[in-house]
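Colleague: Mind looking over this structure? Questions follow.
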4 protein chains.
Amino acid sequence: MAAKFLKLQNWTSLNFCIKSYSLAPKNMSTYAPKGCMAAPFTPFTKDGKDVDYSKFKSYADHLQKLKIPHLFVNGTTGEGLSMTMEERIKTAELWMQQKDKFESILLHIGTGNLKDSIQLASHAESIGVDGIACIAPSFFRANNEESVVSYMKEVADAAPNTPFYLYDFNIMTNVYISVSRFFDLAKDEIKTLRGVKHSSPQLPSLFTGMREHRGYQFMMGTDDQYLAALSLGSEAIVTSAFMAPYFNKIIEAFNSGDLEAARNAQEACQKVVNVRSKYGTGPQSFAVGKSMMPMLDLDLGPVRLPLVSLTSDLAEKLQSELKAVNFFDWVKV
Amino acid sequence: MAAKFLKLQNWTSLNFCIKSYSLAPKNMSTYAPKGCMAAPFTPFTKDGKDVDYSKFKSYADHLQKLKIPHLFVNGTTGEGLSMTMEERIKTAELWMQQKDKFESILLHIGTGNLKDSIQLASHAESIGVDGIACIAPSFFRANNEESVVSYMKEVADAAPNTPFYLYDFNIMTNVYISVSRFFDLAKDEIKTLRGVKHSSPQLPSLFTGMREHRGYQFMMGTDDQYLAALSLGSEAIVTSAFMAPYFNKIIEAFNSGDLEAARNAQEACQKVVNVRSKYGTGPQSFAVGKSMMPMLDLDLGPVRLPLVSLTSDLAEKLQSELKAVNFFDWVKV
Amino acid sequence: MAAKFLKLQNWTSLNFCIKSYSLAPKNMSTYAPKGCMAAPFTPFTKDGKDVDYSKFKSYADHLQKLKIPHLFVNGTTGEGLSMTMEERIKTAELWMQQKDKFESILLHIGTGNLKDSIQLASHAESIGVDGIACIAPSFFRANNEESVVSYMKEVADAAPNTPFYLYDFNIMTNVYISVSRFFDLAKDEIKTLRGVKHSSPQLPSLFTGMREHRGYQFMMGTDDQYLAALSLGSEAIVTSAFMAPYFNKIIEAFNSGDLEAARNAQEACQKVVNVRSKYGTGPQSFAVGKSMMPMLDLDLGPVRLPLVSLTSDLAEKLQSELKAVNFFDWVKV
Amino acid sequence: MAAKFLKLQNWTSLNFCIKSYSLAPKNMSTYAPKGCMAAPFTPFTKDGKDVDYSKFKSYADHLQKLKIPHLFVNGTTGEGLSMTMEERIKTAELWMQQKDKFESILLHIGTGNLKDSIQLASHAESIGVDGIACIAPSFFRANNEESVVSYMKEVADAAPNTPFYLYDFNIMTNVYISVSRFFDLAKDEIKTLRGVKHSSPQLPSLFTGMREHRGYQFMMGTDDQYLAALSLGSEAIVTSAFMAPYFNKIIEAFNSGDLEAARNAQEACQKVVNVRSKYGTGPQSFAVGKSMMPMLDLDLGPVRLPLVSLTSDLAEKLQSELKAVNFFDWVKV
């Protein structure tokens, strides 16, 4: 798949990125996922009480058909923070069993506390993930970059041979830091530092970081700012898996110089975002996303409390609104 | 006026409160802690990596000398959410070994995810705590009272014979709900519902809940609103342990009708709060609190990242500012 | 009226306040309004386009019957910031024509810009108001206490013989300062500084200021924290005019030592606040308040955009909800 | 890619935009400023007390040399809301005297209250400005799109022959609305509606509005999102006047298909933004901007309280930091 994907895209337009990243320090991993990175949901059993371990293979096949090169596992979409340590570990292992269908797997090992994240980081390295990412705790919120660096260093050091990404998502964690200043401080401290999954919506933060810290990866993580981030030079975008066809189209059009076609695809994507937001915003938007899976003939179960799955009435209404914006034509595989 | 005030009320240990709570539904536990409930820190080893299990006895003796009747264990002050499941369980058990020094122990079993909280609730009941309290997750934030009720019901049901308290602390979790509406909805759903630890600072929320839901306990949880909450009828106040002498004085003066003395004590307390806030606000304020323990000859170790313990320089400066507002005279035991 | 009011209330209980304010610097005015200060609405014509100058007399009579000693004119309730300079000036003058019905009139002269406020301050002194209050601009928001002091000094200096109050209302202006630090800095700068109308809801801010800056007046300005502020020693409370009967009852009960009666009255008040909040919160809550005037047989016209008057349907629903919480029994005159 | 990109688009002055706006309703003005619109400061006298009417000619000459086609007068940069009505009117007239140096002048007539804005709108039409823009009040904040539409309709109707723009700047006003929904509702109500000056930083809001409401102008108004907004199709950008050379370069490079050059220019611009932000953020950032004018040999006086001009020490430090990021090379005229 990966080969085909590369051929289809013919990433010439992203060459500048590759070039600009040639300054990477020698001691840094060469892991550098490009293009679309998809955050899968975690399949749960009908009552939400357990991970549904029977669904990983079929879900992975589905993702492969969507031409998704990279996975971001156990993140926000995957409800990683609603899972127990045992579930986090087992889920990571099950995704690794599907690894041959993807170019790479980036594992989120952030939790609400340092010790658990250290343990997950250590486990991640033991199962050979391509990289790890870690979010800052949202309850005991760090109030400056220094403490985030200290925290992340402890986590990263538990996986000394695995590329490390900061997972910055300030509207979820309410931890507001300067990503660029984080890199200023972290560069010398965190030997495995490789980049950031920048799900915080502020593009100037992404751009400043990207330009001041060449050699590191700044991956944008918001569905509705694909095109803008591309124009700024972001080389990978983390998205809900089913949005991949939109992004693949945007990048293809952008690279071929057809800006109006890229805008049209971004507009189509924005329409889906706008429809979804009517059914739930903030954290609840992830519940809305998971409610869309059965519409794609792949029921991955409910979300876990305090998120709430859509009622069947609302799901039906959502489905008809999604149909009206041609969502199902876009994501047909 | 003062004399008349005293005579009319003739308060003995806030008897008026007991009266106003006489309407409690029959199926409700009679657990009703009154007066000061102290939230102990969790002793950590010097490097912060482990709970220092050797310190519980001496710390409990200290708390007993401070005349603290009730403990609120593994809450925010205790850094419960920075501890692993194993540590949470063991710490709960160690505090229960000190139980004979206190009237009651209320155990916080809230975590970042439902399954862990259910497990802690079940364990709590097995070790015989007097009550449990649960906070809502701060990452996947509930966006209405209904989902908080659903979440808390699952937790409470795992300890069917243990009084249950909502732990509402909106400035930490960023979950903003109407506490009163929570009780409207939860009353029939959560059989063991007993009250709320109301650490959110909004007094009108506390007061509305208290008046609309007689029979339930509304315990105020902010150091700097002791007196105001008392005037509104809150019968128990959760505080940093070392602040107990201030509160004991406030309540004594208030009950004897000497309002000016109560205000003076509250002012003394406010001065400590104001000094502390210079060294750290928000979550970091709990780090400042723990840094004060060695000044009381009881070193409980550092806080855990992302909180950061004060440097020795800052701790010294803090100590001298605390001295200037007579803190050490107040808390002498 | 004033004499009768004082006799009826027999303010013995507030004696402590008077005492505690005996340290007032010599160069300070002796203006010290006590008890209830009411913020009247500004009567507008039916289309909202003009001030209805014909209504001031009847409205003043109404306020007098409610036993309101002090007026706070052209503030938030009065929609001062929605009025033109000409209207501000004329309205101030018309209220001054009703002055004999009240003990004192405190005029709000805050606007969105310094020059206008200076002009209004100068006019205020020329018409002999008892005091002036000024709010900080909400668009060009000050970001520290220093700039608020500089701003207020310019305004206060334009009325060198009129007591000056800071009007602090952070949830409306989004200017968040430490009121206590403002006084630290302003004391020497603003010769006429007399106190603060503290409509910001944070009681610890009120209390800290009150205790650190004796000799100045700290007037609480939120309907739902009457009792709590009283317990802390606030000697005057600014409120919607029609809420005066609630406050008069709370203060009477509090002073006579009947705390439970005070709580009951505060609860009755809270019920009105809670009902109102269903029909509009934040700035819009003032529109809801004005919509209640016709229910008291005194139509003061609509609010001005961007506030929106309640539709007649909603007003009817509101009226029936207010009836259910006995509002009309309380405010009968 | 670049070559192909260029050929396919062959942009001359953003022609593609003109095309996409060809659906404009017939009854709409044809005013459609393209490219850079600069928001000039208002020159004040040394003490800040008066507008310095002697400076307009030389400042206009300076702006002309910077190749600025359009002016946005009396907005946030111009401290419009810190000026009296008389000053607003006179300043508007003085800029109109310089009109021959520019393609068009868009006048901001928003104030803190409806009546003043109506008066300014009426005056604006009388002096023949090319368009007017209006911001929503920040004190009495509208809480939905309906009330913003009602407010703006009253203002726009006072200038029935002048194109009308919403001025949306949510981080200044704290009025958060859906711009797209505003247009949904306003289209039929406001006959002169022509577009929005979108200074709120949320690009998805800009983009959604732009795509759902073709025929209207969506002008981006944040210095640090030039390139991203361009990629989305925004055809005009409102900026501090002295930043025009950056934007002219960005747009030139973007149009010629040289994306990396556009990014480099945006990076240079971002560096200035980042330097400025060290000296003041939020409203105070406009004070920092004005402090930069003497460095360009054009002293426009101080800002007005509550904004605070930089001290000469800080201004010197700022100047040397700006020099380090080559600011003065960029803005040389």
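Colleague: Within the range D:215-232, restricting attention to residues that are more than 11 Å from chain A (Cβ to nearest Cβ) and open to solvent by 10 Å² or more (accessible area, probe 1.4 Å), which residue is nearest to the chain's Cα centre (by Cα)?
Modeller: D:221
Colleague: I'm trying to understand the selection: among the residues of the range A:238-278, which are in contact with a Phe, Trp or Tyr (Cβ under 7 Å, 6 or more places away or on another chain) and not in a helix (DSSP H, G or I)?
Modeller: A:238, A:239, A:257
Colleague: Go through the range D:279-333 and tell me which helices (runs of 4 or more DSSP H), entirely inside it, have 1 or more residues that are more than 16 Å from residue D:48 (Cβ to Cβ), free of Cβ contacts under 8 Å to residues at least 60 places away in the same chain and open to solvent by 50 Å² or more (accessible area, probe 1.4 Å).
Modeller: The qualifying helices (runs of 4 or more DSSP H) are D:312-324, D:327-330.
Colleague: Among the residues of the range A:169-203, write down those that are in contact (Cβ under 8 Å) with a residue 60 or more places away in the chain and assigned to a loop (DSSP other than H, G, I, E, B).
Modeller: A:169, A:191, A:192, A:199
Colleague: Right, another one. Could you tell me which residue of the range A:138-161 is farthest from residue A:175 (Cα to Cα), considering only residues that are among the polar types (S, T, N, Q) and more than 7 Å from chain B (Cβ to nearest Cβ)? Spell out how you get there, then give the answer.
Modeller: To start, the set of residues in the range A:138-161 that are among the polar types (S, T, N, Q) comprises A:138, A:143-144, A:147, A:150, A:161.
Filter once more, keeping what is more than 7 Å from chain B (Cβ to nearest Cβ): A:144, A:161.
Numbers: A:144: 9, A:161: 27 Å.
Result: A:161.
Colleague: On the basis of being of a type outside the set (S, T, N, Q), more than 14 Å from the chain's Cα centre (by Cα) and under 24 Å from residue A:80 (Cα atoms), does residue A:294 make the cut? Step through it out loud before you land on a result.
Modeller: Numbers: of a type outside the set (S, T, N, Q): yes; more than 14 Å from the chain's Cα centre (by Cα): yes; under 24 Å from residue A:80 (Cα atoms): yes.
Here the answer is yes, as residue A:294 does meet what is asked.
Colleague: Scan the range D:170-191 for residues that are open to solvent by 20 Å² or more (accessible area, probe 1.4 Å) and either within 14 Å of chain C (Cβ to nearest Cβ) or more than 20 Å from the chain's Cα centre (by Cα) (or both) and jot them down.
Modeller: Matches in the range D:170-191: D:171, D:174, D:176, D:177, D:181, D:184, D:185, D:187, D:188, D:189, D:191.
Colleague: Would you confirm whether or not the range D:267-275 contains a residue that is modelled with pLDDT of 95 or more, over 17 Å from the mean Cα position of the chain (by Cα) and among the charged types (D, E, K, R)? Spell out how you get there, then give the answer.
Modeller: Within the range D:267-275, the first condition is being modelled with pLDDT of 95 or more, and the residues that meet it are D:267-275.
Keeping just the survivors that are over 17 Å from the mean Cα position of the chain (by Cα) gives D:267-268, D:270-272, D:274-275.
Retained after the next criterion (residues that are among the charged types (D, E, K, R)): D:267, D:271.
Scanning the range D:267-275, I find at least one residue that is modelled with pLDDT of 95 or more, over 17 Å from the mean Cα position of the chain (by Cα) and among the charged types (D, E, K, R), so the answer is yes.
Colleague: For the range D:192-209, which positions are open to solvent by less than 20 Å² (accessible area, probe 1.4 Å), within 22 Å of residue D:39 (Cβ to Cβ) and within 10 Å of chain A (Cβ to nearest Cβ)?
Modeller: Across the range D:192-209, the qualifying residues are D:203, D:206.
Colleague: Please pick out the residue among B:60, B:39, B:32 that is touching a Ser or Thr at 6+ places or on another chain (Cβ under 6 Å), of a type in the set (A, V, I, L, M), at pLDDT 80 or above and crowded, with 17+ Cβ neighbours inside 10 Å. Give the derivation first.
Modeller: On the way: B:60 fails: touching a Ser or Thr at 6+ places or on another chain (Cβ under 6 Å); B:32 fails: touching a Ser or Thr at 6+ places or on another chain (Cβ under 6 Å).
Among B:60, B:39, B:32, only B:39 is touching a Ser or Thr at 6+ places or on another chain (Cβ under 6 Å), of a type in the set (A, V, I, L, M), at pLDDT 80 or above and crowded, with 17+ Cβ neighbours inside 10 Å.
Colleague: Working carefully through the options C:212, C:235, find the one that is modelled with pLDDT of 90 or more and either more than 10 Å from chain B (Cβ to nearest Cβ) or more than 17 Å from residue C:276 (Cα to Cα) (or both).
Modeller: Matching residue, one of C:212, C:235: C:212.
Colleague: Given the criterion touching a residue at least 24 places away in the same chain (Cβ under 8 Å), within 30 Å of residue D:292 (Cα to Cα) and outside any helix (DSSP H, G or I), identify the matching residue among D:230, D:166, D:206.
Modeller: D:166
Colleague: Before we move on, is residue B:88 within 14 Å of chain A (Cβ to nearest Cβ), in a helix (DSSP H, G or I) and within 18 Å of residue A:137 (Cα to Cα)? If you could, list the steps in order and put the result at the bottom.
Modeller: On the way: within 14 Å of chain A (Cβ to nearest Cβ): yes; in a helix (DSSP H, G or I): yes; within 18 Å of residue A:137 (Cα to Cα): yes.
In short, yes.
Colleague: Hey, could you check the range C:99-129 for residues that are open to solvent by less than 20 Å² (accessible area, probe 1.4 Å) and assigned to a loop (DSSP other than H, G, I, E, B) and say which is farthest from the other protein chains (Cβ to nearest Cβ)?
Modeller: Among them, the one singled out is C:102.
Colleague: Just to be sure before I move on: is residue B:93 at pLDDT 95 or above and surrounded by fewer than 20 Cβ atoms within 10 Å (Cβ to Cβ) in the structure I sent?
Modeller: It is true that residue B:93 is at pLDDT 95 or above and surrounded by fewer than 20 Cβ atoms within 10 Å (Cβ to Cβ).
Colleague: Suppose we filter A:19, A:26, A:4, A:49 for residues that are at pLDDT 95 or above and either within 14 Å of chain D (Cβ to nearest Cβ) or surrounded by fewer than 18 Cβ atoms within 10 Å (Cβ to Cβ) (or both); which single one remains?
Modeller: Details: A:19 fails: at pLDDT 95 or above; A:26 fails: at pLDDT 95 or above; A:4 fails: at pLDDT 95 or above.
Answer to the check: A:49.
Colleague: Would you pick out the residues in the range C:250-272 that are touching a residue at least 40 places away in the same chain (Cβ under 8 Å) and more than 21 Å from residue B:258 (Cα to Cα)?
Modeller: Residues satisfying the conditions are C:266, C:268, C:269, C:270, C:271, C:272.
The values are calculated or read from the model by the stated rules, or taken from the named source; none is laboratory data. Just so you know, these numbers come straight off a predicted model, no measurement behind them. Glycine also receives a Cβ, built like all others from the backbone with ideal geometry; neighbour counts cover every protein chain displayed. To get the accessible areas, we keep the full protein, side chains included, count just its heavy atoms, and leave off ligands, DNA and RNA. Shrake-Rupley method; radii C 1.70, N 1.55, O 1.52, S 1.80 Å.
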